[in-house]
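Working notes, beginning with the structure itself.
Read-outs throughout are calculated quantities, based only on the coordinates presented, and are distinct from any laboratory measurement. Everything numeric in this text was worked out from a predicted model, so none of it was measured. Here Cβ is always computed from backbone atoms with ideal geometry, including for glycine, and neighbour counts include all displayed protein chains.
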Amino acid sequence: MRWTRGLKISAEMLLAHKLRTLLSLLGIIVGIATVSVMAAVGRGSEEKVLAGIRRMGTNLIAVSAGRVSVVAGRTRQSAVVTTLRVEDAAAIARSLEDVVVHAAPVQSRKLPVKFDNIALTTNIVGTTAEFLPVRNFRVIAGRMFEEEDERALRRVAVVGHTVARDLFEGLDAVGRTIRIGNVPFEVMGALAEAGVDINGVDQDDQILIPLRTALRRVFNVSHLNNIFVQARGEGLMEQTAVRLRELLRERHRLPADRADDFTIQSQLELMRTQRETQSAFRNLTVGVASLSLLVGGVGILAVMLMTVRERLREIGLRRALGARRLDVLLQFLAEAMMLSLSGGIIGIVIGVAGIHLVARLGAWDAVLDARVVAWAAAASAGIGLAFGTIPALRAARANPVDSLRAE
């Protein structure tokens with residue numbers, strides 16, 4: 001009964017000063033709502049990026065010619081290097097077969113493509129049949145070219161989803177003849193939609209052609225841009241990367257004091273980098289939320305100090321009628337907790353509504369995390385306890401006689 005009366009009195013006092021109560025809650029409401037929305041957006045972007053990395057291929061390791069760096073979230077090659085060769089890919093598949101499933105050599109370049117009166121520029125990828133399983137692509141119409149097509153230097157192509165849509169405008173792509181540059185190619189297959197990779201590149205905006213045909217009849221070069229390697233298991237990724245580096249340095253005859261003329265990047269490194277980026281974003285979110293919650297806590301502290309001063313006569317009367325200091329302490333502490341928990345609940349409701357609004361109308365993915373909601377509730381309760389303790393102690397320590405004389 002004592003607790004019930006105390007809570008009832010606290011609720012009546014808070015409702016009696018609605019504007020003051022609302023203003024004291026704004027900091028907590030804004031802080032909880034902000035951290036909920038930002039955490040959901042961060043979690044959604046992290047899931048999207050990691051899904052994109054997984055879509056790039058199973059246990060993928062990419063060997064790039066020259067030095068490759070990441071600028072503004074996208075990979076950039078510093079210079080054209082011609083030391084990566086088809087023979088390197090064959091050596092990888094042969095010498096590292098205990099840790100490597102496939103090694104797909106790649107030479108690519110953007111070139112103009114034409115069909116009838118429709119022309120566009122797309123990425124032409126010279127590669128082998130191993131490219132599909134390594135990069136996790138799938139043919140949905142026709143077939144992929146094979147080793148026989150490769151040896152015969154046949155001018156055949158497999159088109160990506162975007163190319164098939166834009167170039168043929170609803171027509172069946174298989175069997176059509178296109179011109180890549182000035183060279184005619186017969187379309188023998190079409191790829192399933194793959195989406196955008198982590199660099200923001202449309203993986204459907206490309207045409208695959210046999211590697212030897214590409215090197216001799218289209219690009220007129222003998223070197224490669226990349227070799228995509230599929231490791232036999234995620235646990236072998238680091239070992240495979242180390243052995244790849246040793247093998248390529250030996251094949252390229254690089255002395256010990258000379259830097260690599262290639263770059264090796266694995267999925268594990270990409271995931272680690274992305275998780276570090278997301279961790280920094282989460283730390284920023286926590287910082288913004290902590291600042292807002294601190295402001296809210298200061299607001300509760302100010303309101304509760306003002307409340308204690310206004311209710312000195314009430315405190316004195318209750319003490320005179322037998323209330324203990326502990327009873328007064330618990331009542332004002334409960335009042336502060338009611339304030340902070342109310343702000344936390346309102347903030348959670350607004351945050352959840354904001355998450356659904358962002359997911360429905362915005363361009364960002366948002367994933368609601370139950371742990372964030374639990375953290376928000378716990379944080380609001382903690383703020384009430386932390387910032388309500390000082391006013392509650394002041395109320396409990398007030399002299400009953402002086403309190404009854406207060407105006």
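For this structure, a couple of remarks:
- Computed E for L294/D327 - FRET, C-beta separation, R0 45 angstrom, nearest 0.05: 0.90
- Label point 7 Å beyond Cα of A91 along Cβ direction - residues of the stretch 232-263 with amide nitrogen under 14 Å: 243-255, 261-262
- Counting only DSSP beta bridges with both residues in the stretch 102-257, the antiparallel share comes to about 75 percent.
- From least to most packed, judged by other beta carbons within 10 angstrom and beginning with the fewest, F228, F168 follow the order F168, F228.
- Sorted by Cβ neighbour density within 10 Å, fewest at the top, the residues V373, V134: V373, V134
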